[in-house]
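Okay, structure first, notes after.
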Amino acid sequence: MKNRKMGIIGAMSEEVELLHRHVEVTQKHEKAGLTLYEGTLHGRDVVYGKSGVGKVNAAVCTQFMIDLGAGGICFTGVAGALDPELEIGDLVISSSCVQHDMDASPLGFARGEVPFQEVSDYAADGTLVELARQTGERLFPGRCLVGKVLSGDQFIASRESVQMLREEMGGACVEMEGAALAQVCWMNGTPFVVIRSMSDKADGSAQVNFETFTQEAADRSYRFVSALVEAL
Ligand code: SAH
């Protein structure tokens, strides 16, 4: 990862605002309604920006970033916890990402499986995951978990959905962008890792918790990514 330009994507303004405050910006690029910034963070070349919410926004933003020369991409953001061990504020580092709303089961495909494609469970880069794990242990001891990130174009806010996503699909947390980024990275051979801080538990209180805890969770996620870039 040495000398590679690192890409950093957030879904929401809260997440990217923090980068604006710390990156020395040298260039600005605009395409398809997205704005990406290039500059340096802790002396390393970075390209970063806001994707917007959902899989299509994340996919377009990821390709734009790769086309600008990102040699690895890290997604920073918030998510709903699925693993009962996770508390609000805890962090999940992606071992892999799956689209939970990809469902061609009437045709005999497993839920989450992209028909006729050899991979649907996209593995995060081993080096980035290990570095993230060490960074997490240092910054937030005992509050980081490496696990499967599930993504779909739905805000999950019910116990039944949590149960299905946890038991049937083995997710540690659920959000709306990670697997789209992961698929685009897989298609381009670009290493990635998704870092998510828990803003809610994807249950009946998810909406209230999301609104209350997003800023705090975004702060934690930013601190994490900043330390990760420093450690690269
Ligand atoms: N910004 C809007 C909508 C945010 S949608 C608002 O303020 O209302 C939720 C965002 O947080 C998505 O980017 C998603 O990745 C993440 N997220 C957090 N909790 C989630 C949950 N329970 N289900 C799905 N996505 C969640």
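The values are calculated or read from the model by the stated rules, or taken from the named source; none is laboratory data. Remember, predicted model here, so these are calculated numbers, not experimental data. Every residue, glycine as well, gets a Cβ built from its backbone with ideal geometry; the counts of neighbours run over all protein chains shown. All accessible areas refer to the heavy atoms of the entire protein, side chains included, with ligands and DNA or RNA removed. Shrake-Rupley method; radii C 1.70, N 1.55, O 1.52, S 1.80 Å.
Exposed loop GluC sites (Glu not before Pro) only (DSSP loop, at most 12 other Cβ atoms within 10 Å): please give the longest stretch of the chain free of them, not including the sites.
Details: sites that count: E85, E87, E118, E168.
With a cap of 12 other Cβ atoms within 10 Å, the longest stretch comes to 1-84.
Please label the shape of the stretch 140-232 as rounded, prolate or oblate, based on the square roots a ≥ b ≥ c of the eigenvalues of the alpha-carbon gyration tensor (a/c under 1.5 means rounded; beyond that, a/b larger than b/c means prolate, else oblate). Oblate, because a/c is 1.5 or more while a/b does not exceed b/c. Taking the protein heavy atoms of the stretch 7-89 in the context of the full set of protein chains, the accessible area attributed to carbon and sulfur is 46 percent at 1.4 Å. I want to verify a result. In a Gaussian network model of the chain, Cα cutoff 10 Å, which of these has the top mean-square fluctuation: L107, L41, L19? Fluctuation is largest for L107.
Pairwise alpha-carbon distances in the stretch 14-77 exceed 18 Å for 29% of all pairs. The Cα atoms of the stretch 16-134 define a convex hull whose projected area, averaged across directions, is 9.8 nm².
Between the alpha-carbon centres of the stretch 17-58 and the stretch 74-127 there is a gap of 24 Å.
The distance between label points at L68 and E230 comes to 2.4 nm (points 7 Å beyond Cα on the Cα→Cβ vector).
Note on E160 and T26: their simple-model spin labels are 5.4 nm apart, each label 7 Å out from Cα toward Cβ. For the stretch 69-216, the relative contact order is 40 percent, taking Cα pairs closer than 8 Å that sit 6 or more residues apart in sequence and dividing their mean separation by the residue count. Scaled against 2.2 N^0.38 Å for its residue count N, the alpha carbon radius of gyration of the chain is 0.94. Between the helical axis of 178-188 and the dominant principal axis of the chain, each derived from Cα atoms, what acute angle in degrees is found, rounded to the nearest 10? Helix 178-188 sits roughly 60 degrees off the main axis of the chain.
Which of the trypsin sites (Lys or Arg not before Pro) found in the stretch 3-73 are in a DSSP loop and have at most 13 neighbouring Cβ atoms, other than their own, within 10 Å? Walk me through the intermediate numbers first.
Working: sites: R4, K5, R21, K28, K31, R44, K50, K55; in loops: R4, K5.
Of the trypsin sites (Lys or Arg not before Pro), not one in the loops of the stretch 3-73 has a Cβ with at most 13 other Cβ atoms within 10 Å.
Roll a 1.4 angstrom probe over the protein heavy atoms and tell me the percent of accessible area of the stretch 123-227 that is carbon or sulfur. The C+S portion of the solvent-accessible surface of the stretch 123-227 is 49 percent.
Solvent-accessible area per residue in the stretch 34-125 equals 37 Å², computed with a 1.4 angstrom probe and all protein chains kept. The angle between the Cα long axis of helix 206-231 and the main principal axis of the chain comes to about 40°, on a 0 to 90 degree scale. Dividing the summed -39500 (n - 2.57) terms of all DSSP H runs of n ≥ 4 by the residue count of the chain sets its mean residue ellipticity at 222 nm at -11500 deg cm²/dmol. Translational diffusion coefficient of the stretch 111-170 (Stokes-Einstein, Kirkwood radius from Cα pairs, 10 °C, 1.306 mPa s): 113 µm²/s.
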